[in-house]
Amino acid sequence: MSIVKDEALAESGRRKIRWVRDFMPALGGIEARFERERPFAGLRIAVSVHLEAKTANLGYVLQKGGAQVYLTGSNPLSTQDDVAAGLASMGVETFGIHGASAEEYEGHLVETLKCRPHLIVDDGGDLVHLLGDKCAALGEHLIGGCEETTTGILRLKAREREGILPCPMMAVNDAKAKHYYDNKYGTGQSVWDAIMHTTNLIVAGKTVVVAGYGWCGKGVAMRAKGMGADVIVTEVDPFKALDATMNGFRVMPMAEAARYGDVFVTVTGCRDVITPAHFAVMKHNALLSNAGHFDCEVDVAGLAALAVKREARRENIVGYTLPDGRVLNVIGEGRLVNLAAGNGHPAEIMDMSFAVQALALEWLVKHRAQLEKKVYQVPGEIDDEIGRVKLAAMGLAIDALTPEQEAYLSGWKA
Ligand SMILES: NC(=O)c1ccc[n+]([C@@H]2O[C@H](COP(=O)([O-])OP(=O)(O)OC[C@H]3O[C@@H](n4cnc5c(N)ncnc54)[C@H](O)[C@@H]3O)[C@@H](O)[C@H]2O)c1
């Protein structure tokens with residue numbers, strides 16, 4: 001039995017799901033084939049991904065492929081109650097309530113795993129964490145699973161090194177069809193979409209500090225520059241820092257950047273990136289946000305401890321007044337801003353990421369007899385197929401290598 005906030009919200013959720021389905025053609029093509037071939041017939045799939053419309057569409061497509069799908073969120077603030085109700089009304093067992101406490105959130109993850117899944121789709125590693133520990137008994141039928149994000153994959157690899165991976169896992173984030181687009185262009189757009197509508201302030205003319213110049217950080221910095229911001233990048237990797245410099249961004253340590261920033265976006269996947277030492281020198285009314293997976297990049301608890309007053313300033317913005325009168329504004333509680341205070345990535349982007357998820361799950365089923373408890377890369381053929389389908393859906397064509405060109409590129413004689 002699904003656990004959602006209010007079943008009466010279902011029509012609003014179904015409308016959101018219908019909207020995104022019109023802009024997810026690659027997943028739509030896979031859905032049509034899955035409906036014919038039913039690769040997941042008789043299998044149960046547990047999904048923990050941000051519970052909003054694009055994820056709902058993935059759940060629906062897997063169901064069309066013959067699976068019984070059990071779906072929960074991957075962050076209590078990104079769950080949309082109407083989408084959860086809409087998805088439940090479409091026959092997918094759905095567990096999630098916006099703003100659930102940490103205990104309730106874990107309860108929803110456990111409810112999802114009670115189906116004793118054959119396959120899992122994880123985003124940040126919460127399902128794997130439970131299956132490796134508290135819910136180990138629920139993993140008896142596991143064939144394998146897929147991980148959506150960079151932070152989750154780092155944890156899977158750490159588990160693999162220690163020999164405690166509960167099942168074979170596919171590194172979906174590392175597929176080209178995922179991180180080249182989702183992390184860069186998806187995060188680049190949706191972070192600014194969320195910050196702009198939540199603050200109703202202008203980006204042009206502001207100094208924006210982007211912490212981390214990885215796939216996501218490149219997108220966030222590029223779009224801020226495109227809107228007229230003066231962008232500073234902070235990094236710990238010398239080559240990423242050089243790359244940022246070559247792209248025209250100022251690079252400096254956070255201790256220095258903290259003095260200049262009007263808007264801060266952390267997207268490192270690391271912890272303690274903005275801490276009390278940085279709050280001490282920030283400008284009055286600076287805006288703080290995080291786009292990394294976990295809410296440990298901006299030390300919001302440390303800021304609260306310093307503050308003499310905490311006040312809701314707008315929906316999803318809390319102002320903390322420091323003893324010297326400066327106010328620092330935290331957007332979306334320091335949780336990933338594009339989902340906690342926005343609608344997540346554009347549908348066309350999640351089309352590619354979830355096409356990888358769907359085909360990687362199918363690959364796991366097909367290869368189940370040969371798999372070990374390891375982290376597997378998504379095969380290049382899956383990446384290439386999605387790239388070709390996406391180009392065709394955009395009405396674009398590319399050249400193909402002639403046999404002579406292929407021979408030239410793979411040989412040494414010419
Ligand atoms: N918000 C979203 O929608 C979204 C989408 C995809 C990924 N993510 C998450 O965003 C985070 C980053 O993902 P990515 O794919 O860009 O990873 P990445 O590994 O490509 O980039 C991370 C960058 O941060 C840098 N870094 C690490 N610690 C740092 C520190 N203390 N200070 C400054 N820089 C530091 C690294 O050197 C690296 O260049 C992860 O947590 C990932 O799970 C979020």
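Could you check L306 against (1) open to solvent by 10 Å² or more (accessible area, probe 1.4 Å); (2) touching a Leu at 6+ places or on another chain (Cβ under 9 Å); (3) closer than 26 Å to W192 by Cβ and say which number it fails?
Failing condition for L306: (3).
Which of the helices (runs of 4 or more DSSP H) contained wholly in the stretch 133-242 include at least 1 residues that are touching a residue at least 60 places away in the same chain (Cβ under 8 Å), open to solvent by 30 Å² or more (accessible area, probe 1.4 Å) and within 9 Å of the ligand (Cβ to nearest atom)? Break it down stepwise before answering.
Working: elements: 150-162, 187-199, 215-226.
Fully inside the stretch 133-242 and qualifying: 150-162, 215-226.
More than 26 Å from I143 (Cβ to Cβ) and over 21 Å from the mean Cα position of the chain (by Cα): which single residue out of R36, R15 fits that description? Walk me through it before giving the result.
Working: R36 fails: more than 26 Å from I143 (Cβ to Cβ).
After ruling out the rest, the residue left standing is R15.
Just to check your reading of the model, which residue among S89, S78, S101, S48 is closer than 28 Å to N316 by Cα, polar (S, T, N, Q) and open to solvent by 10 Å² or more (accessible area, probe 1.4 Å)? Steps first, answer last, please.
Values: S89 fails: closer than 28 Å to N316 by Cα; S78 fails: open to solvent by 10 Å² or more (accessible area, probe 1.4 Å); S48 fails: open to solvent by 10 Å² or more (accessible area, probe 1.4 Å).
Only one candidate passes the filter, namely S101.
Do we find that G65 is surrounded by 20 or more Cβ atoms within 10 Å (Cβ to Cβ) and without any contact (Cβ under 8 Å) to a residue 40 or more places away in the chain in this structure? Please lay out each step first, then the result.
Details: surrounded by 20 or more Cβ atoms within 10 Å (Cβ to Cβ): yes; without any contact (Cβ under 8 Å) to a residue 40 or more places away in the chain: no.
Judged against the criteria, G65 is not a match.
Hey, could you check the stretch 243-273 for residues that are aliphatic (A, V, I, L, M), touching a Ser or Thr at 6+ places or on another chain (Cβ under 6 Å) and touching a residue at least 60 places away in the same chain (Cβ under 8 Å) and say which is surrounded by the most Cβ atoms within 10 Å (Cβ to Cβ)?
Looking only at the stretch 243-273, we keep the residues that are aliphatic (A, V, I, L, M), and these are 244, 246, 251-252, 254-255, 257-258, 263, 265, 267, 273.
Filter once more, keeping what is touching a Ser or Thr at 6+ places or on another chain (Cβ under 6 Å): 251, 254, 257, 265, 273.
Next, from what is left, pick out any that are touching a residue at least 60 places away in the same chain (Cβ under 8 Å): 265, 273.
On the way: V265: 31, V273: 22.
My answer is V265.
What number of residues within the stretch 59-93 are within 15 Å of R38 (Cα to Cα) and either out of contact with any strand residue (DSSP E or B) (no Cβ under 7 Å at 6 or more places or on another chain) or assigned to a helix (DSSP H, G or I) (or both)?
Quick first cut of the stretch 59-93, residues within 15 Å of R38 (Cα to Cα) only: 59-69.
Now drop any that are not either out of contact with any strand residue (DSSP E or B) (no Cβ under 7 Å at 6 or more places or on another chain) or assigned to a helix (DSSP H, G or I) (or both), which leaves 59-66.
Here the count works out to 8.
What's the number of the condition F294 fails, among (1) modelled with pLDDT of 95 or more; (2) surrounded by fewer than 19 Cβ atoms within 10 Å (Cβ to Cβ); (3) within 13 Å of the ligand (Cβ to nearest atom)?
Only one criterion is unmet by F294, namely (1).
Could you list, in sequence order, the residues of the stretch 362-414 that are touching a residue at least 60 places away in the same chain (Cβ under 8 Å) and more than 22 Å from K64 (Cβ to Cβ)?
If the condition is that a residue be touching a residue at least 60 places away in the same chain (Cβ under 8 Å) and more than 22 Å from K64 (Cβ to Cβ), then L371, E372, K373, K374, V375, Y376, Q377, D383, G387 are the ones that fit.
Go through (1) within 30 Å of G99 (Cα to Cα); (2) open to solvent by 20 Å² or more (accessible area, probe 1.4 Å); (3) within 22 Å of the chain's Cα centre (by Cα); (4) among the polar types (S, T, N, Q) for Q377 and report which single condition fails.
With (1) within 30 Å of G99 (Cα to Cα); (2) open to solvent by 20 Å² or more (accessible area, probe 1.4 Å); (3) within 22 Å of the chain's Cα centre (by Cα); (4) among the polar types (S, T, N, Q) applied to Q377, the lone miss is (1).
The values are calculated or read from the model by the stated rules, or taken from the named source; none is laboratory data. Everything quoted here is computed from the prediction, not taken from an experiment. Every residue, glycine among them, receives a Cβ derived from its backbone with ideal geometry; neighbour counts consider all protein chains shown. Protein only, heavy atoms only, side chains kept; ligands, DNA and RNA dropped before computing areas. Shrake-Rupley method; radii C 1.70, N 1.55, O 1.52, S 1.80 Å.
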